[in-house]
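Undergrad: Got a structure here, written out as structure tokens. Questions coming.
The values are calculated or read from the model by the stated rules, or taken from the named source; none is laboratory data. Please read these numbers as outputs of a predicted model, since none were measured by experiment. Please note: Cβ atoms are built from the backbone with ideal geometry, for glycine as well, and neighbour counts cover all protein chains shown. Only protein heavy atoms, including side chains, enter the accessible area calculation; ligands, DNA and RNA are left aside. Shrake-Rupley method; radii C 1.70, N 1.55, O 1.52, S 1.80 Å.
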Amino acid sequence: MKNITIGILVFILPSFLAVLFLKLTGAKIGKNVKIGFSYLGTSKLVIGSDVSIGHGNLIVNEKLILSNYARIGYLNVLKGPFVLMLKEKAAIGNKNYITRGSKGVTYGESFLKLGELTKITSGHHIDLTKSVVIGSFSILAGIRSQIWTHGYYHGEQGPERIRIDGEVHIGDNVYVGSGCIFNPGVKVSNAIHIGAGSVISKSLEKPGMYVNQTLRYLDNDLKRVKSKLKEVEENNLIEKVYLK
């Protein structure tokens, strides 16, 4: 109830009053911070100096940690039990959808971390079933890229299926073109450029340019998939989950 009240008041108050009110509730906020008409229902708020949060955002998560000169644009949805950490001058642009399922569907901690001067531009979808970490001086460019940290594999017959979770790590000085899709568990090393429309289904280690792969057939079945993965031993999960 407390978070709901705080969120509503921040949404309706002008910036300087919203900042003052958040400080009174225990938030740590630096100088020259601007908060637009957005709903902030986060449990813990730590904001450096010269930070801006635009209008029309829905931010309902566990922790929001924004370093100096970090920026969140407008009309973003950040919802679920995860921690958002933006290093100095990092930014989330506009109309991004960044979510995580509730506990029971998900388990443990999850982070979205952006390094110094790293930016997520507009209209992207990021699934935080597990963490997504992007290094410094990188950019998720264009529109409509997707980062997935979970997926499913079905048996050949009947209801059996498993969920496969995996963190996504993207290094420093990485450029990701418009409309790319990241599969769970992939890692992208430093100094890599990824062309628009690419599907990143395996880790990229060698610096340079990568473009979309041709579609290929993989001979696989559920038993073989499970043998390569580690089952998550966690109480109260509603389905079988494996780590990649």
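Undergrad: Accessible surface of Asp219 in the full protein assembly, 1.4 angstrom probe, to the nearest 10 Å²?
TA: Roughly 110 Å² of Asp219 is accessible to a 1.4 Å probe.
Undergrad: Separate question: Given the C-alpha atoms of region 73-194, compute the convex hull and give its volume per residue in Å³.
TA: Dividing the Cα hull volume of region 73-194 by its residues yields 103 Å³.
Undergrad: Tell me which residues come under 5 Å, amide H to amide H, from Ser138 once H is placed; ignore anything under 5 positions away on its chain.
TA: Thr118, Lys119, Asn173, Val174
Undergrad: For region 35-126, state the semi-axes of the equivalent ellipsoid (square roots of 5 times the eigenvalues of the alpha-carbon gyration tensor), sorted largest first and rounded to whole angstrom.
TA: For region 35-126, the semi-axes come out at 19, 14, 13 Å.
Undergrad: Of the cross-linked pairs Lys89/Lys113; Lys23/Lys103; Lys63/Lys103, which ones have a Cα-Cα span greater than 20 Å in the structure shown?
TA: Over 20 Å apart, Cα to Cα: Lys23/Lys103.
Undergrad: Oh, and also: If the label point is 7 Å along Cα→Cβ of Asn236, which residues in region 92-111 have backbone nitrogen under 19 Å from it?
TA: Once the point is set 7 Å along Cα→Cβ of Asn236, 100-111 turn out to lie under 19 Å by backbone N, inside region 92-111.
Undergrad: When the helices in the chain are scored as -39500 (n - 2.57) per DSSP H run of 4 or longer and the sum is shared across all residues, what 222 nm value do you end up with, to the nearest 500 deg cm²/dmol?
TA: After summing the helix terms and dividing by the residues of the chain, the value is -3000 deg cm²/dmol.
Undergrad: Once Rh is set to the Kirkwood radius over Cα pairs, what Stokes-Einstein translational diffusion coefficient, in µm²/s, holds for region 141-215 at a temperature of 25 °C and a viscosity of 0.890 mPa s?
TA: Calculated translational D: 186 µm²/s.
Undergrad: For an R0 of 51 angstrom, estimate the FRET efficiency from the Cβ-Cβ distance between Ile181 and Leu24 and round to the nearest 0.05.
TA: Rounded to the nearest 0.05, the efficiency is 0.70.
Undergrad: Against the longest alpha carbon principal axis of the chain, how many degrees, from 0 to 90 and to the nearest 10, is the axis of helix 2-12 turned?
TA: For 2-12 against the chain, the angle is about 70 degrees.
Undergrad: Taking a probe of 1.4 angstrom, what is the accessible area of Arg224 in Å², to the nearest 10?
TA: Looks like 100 Å² after rounding.
Undergrad: Here's something else I'd like to know. For the chain, what is the relative contact order in percent, using Cα pairs closer than 8 Å and at least 6 residues apart in sequence?
TA: Rounded, it is 10 percent for the chain.
Undergrad: Under a 1.4 angstrom probe, counting protein chains only, how are Val51, Val232 ranked by accessible area, largest first?
TA: Of Val51, Val232, the descending order of accessible area is Val232, Val51.
Undergrad: Something else about it: Gap in Å between the Cα centre of region 173-244 and the Cα centre of region 126-147?
TA: One Cα centre to the other: 13 Å.
Undergrad: How big is the accessible area of Glu205 in square angstrom, nearest 10, if you roll a 1.4 angstrom probe over the protein chains?
TA: We get 140 Å² for Glu205.
Undergrad: Now for a different question. Relative to the longest principal Cα axis of the chain, at what angle does helix 15-24 sit, 0 to 90 degrees, rounded to 10?
TA: Long axis of 15-24 versus the principal axis of the chain: about 80 degrees.
Undergrad: Which whole-percent values make up P(r) of the chain when all C-alpha to C-alpha distances are grouped in 5 Å steps starting at zero?
TA: 1, 6, 13, 18, 17, 14, 12, 9, 5, 3, 1, 0, 0
Undergrad: Output the relative contact order of region 94-155, whole-number percent, from Cα pairs under 8 angstrom with separation of 6+ residues.
TA: 35 percent
Undergrad: Between Ser49 and Leu218, what is the label-to-label distance in nm when each label sits 7 Å out along the Cα-to-Cβ direction?
TA: It is 4.9 nm.
Undergrad: Ranked from the most accessible area to the least, with a 1.4 Å probe and all protein chains present, what is the order of Val225, Val46?
TA: Descending accessible area places them as Val46, Val225.
Undergrad: Aspartates and glutamates near Lys44 by alpha-carbon distance under 18 Å, same-chain residues fewer than 8 away left out - which ones?
TA: Answer for Lys44, where 18 Å is the Cα cut-off: Glu62, Glu109, listed by chain and number.
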